[in-house]
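Scroll down for the structure; my scribbles are underneath it.
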Amino acid sequence: MKIKKIELKNYRNYEKLKLDFFDDLNIIYGNNGSGKTNIVEAIYILALTKSFRTNNDQNLIKIGTDFASVSAEIEKKDKEKFKIEIFKEGKCVYYNDDKVKKISDYITKINVVLFNPLDVKIYNDSPSMRRKLLNVEISQINKEYLMLLSNYNKLLKNRNIYLKQMHINGNSSMEYINILTNKLIEYGLKINNIRENYIEMINSNISQIYKNIFGYGELTVKYESFYNNKTKEELIAFYKKNLIKELSFGKTLYGINRDDIKFILDKKLLKDFGSIGQQKNAFIAFKLSEIIIIKKKTGEYPILILDDLFSELDDIKINNIITMLNKEVQTFITTTDIDKINKKLIKNSIIYYIDNASVQRRDIYEQ
Ligand SMILES: Nc1ncnc2c1ncn2[C@@H]1O[C@H](COP(=O)(O)OP(=O)(O)OP(=O)(O)O)[C@@H](O)[C@H]1O
Ligand SMILES: [Mg+2]
């Protein structure tokens, strides 16, 4: 899929901006703070309805105004229109001019793979951040997944409240807790299966990608879940056996809400044994393997955003990555230094120069 054009209104530091994009490489360059990430963030928001760098949509509205909008035309087999309006009171999402009711359907329509320098800290983040990474990736290709997650989380909340009540009051309807536990297991097993499959798909190509770009090393991702390889019956028996323990803590101690993923290079945990460079490289390989999965699952390549990759990798590696990517992958690169990009690649790209929210198209050979 290709994003053909985008329009921003009162979004971040842009009052009004309309940009056309190239089908292959789009380069956005300019000084720090000029508004490069804001543009790729807008593409991400259109795809996922949420930013990757703020949880508060209000931050997206240009300071001093009270409403922002981002709209775009995306080409798949046909042209499709996407729009998000952000108000102080909340946001509205539109697909082909119709208001969207089911976000879980909407977010499978535009697939974006984003590399953001802040993500590299994922190794030392809490497991919840790694689950979030996985959730974002899977929800783009699986409509059912977000619904399952939301149902699971509701059950988890209810189960925790009930366990606490049982703990405090000693009131105990075993029947009710069993119903909650059985439902938790049912949804948990489905989520576990989807996550397991996803990691399997990652592992079928990540090591090769890593070797192609970085030269050596056997890279795998390990999915760690309490539910792994357990049947429904085994889990029911387990929860029954451990109910007293959960009661004394007053909360659910086991489930897919504790899942984690680990990155392993040459049989060693990257978090504990990997160099910073190896950790970055592995994460980039993880992101690039997502591209292959999306193509396999949806028949379309996603839009790739490499935000500030030059701050993380040397020029040669980045130029290798871009050259290696299938020509069909529409790619966005932001950088402060255009000279780092190979001149041959620049020939087939559109280049935008940003100076404090003012955007100009540049032909680098005219400079
Ligand atoms: N809601 C907002 N209203 C107005 N301006 C905003 C808003 N949110 C962010 N900005 C401005 O946007 C600019 C940052 O933009 P952005 O993050 O896109 O910069 P960048 O070009 O990617 O910089 P860097 O190279 O450092 O990553 C800052 O000047 C910031 O003050
Ligand atoms: Mg930036």
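Read-outs: derived from the displayed coordinates by stated rules, not from any lab. Predicted model only: the values in this text are computed from it and were never measured.
Go through K132/K297; K79/K295; K222/K245 and tell me which ones have a Cα-Cα distance over 26 Å in this structure.
Where the Cα-Cα span goes over 26 Å, the pairs concerned are K222/K245.
Give me the angle, in degrees from 0 to 90, between the Cα long axis of helix 232-241 and the longest principal axis of the Cα atoms of the chain, rounded to the nearest 10.
60
For the stretch 1-112, compute Rg over Rh where Rg is the Cα radius of gyration and Rh is the Kirkwood radius from the inverse mean 1/r over Cα pairs.
0.94
Suppose only helical runs count, i.e. DSSP H with n ≥ 4. What mean residue ellipticity at 222 nm does that imply for the chain under -39500 (n - 2.57) per run, divided by all residues and rounded to the nearest 500 deg cm²/dmol?
Result for the chain: -13500 deg cm²/dmol, rounded to the nearest 500.
For the stretch 149-255, compute the orientation-averaged projected area of the C-alpha convex hull (one quarter of its surface), in nm².
Details: hull surface 32.2 nm².
So the mean shadow area of the Cα hull is 8.0 nm².
To two decimal places, what compactness ratio does the stretch 125-175 give when its Cα radius of gyration is scaled by 2.2 N^0.38 Å? Walk me through the numbers on the way to the answer.
On the way: Rg = 15.4 Å, N = 51, 2.2 N^0.38 = 9.8 Å.
Dividing the Cα radius of gyration by 2.2 N^0.38 Å gives 1.57.
How large is log10 of I(q)/I(0) for the chain at q = 0.13 Å⁻¹ when the intensity is taken from the Debye formula with one equal scatterer per alpha-carbon?
These q points yield log10 I(q)/I(0) values of -1.10.
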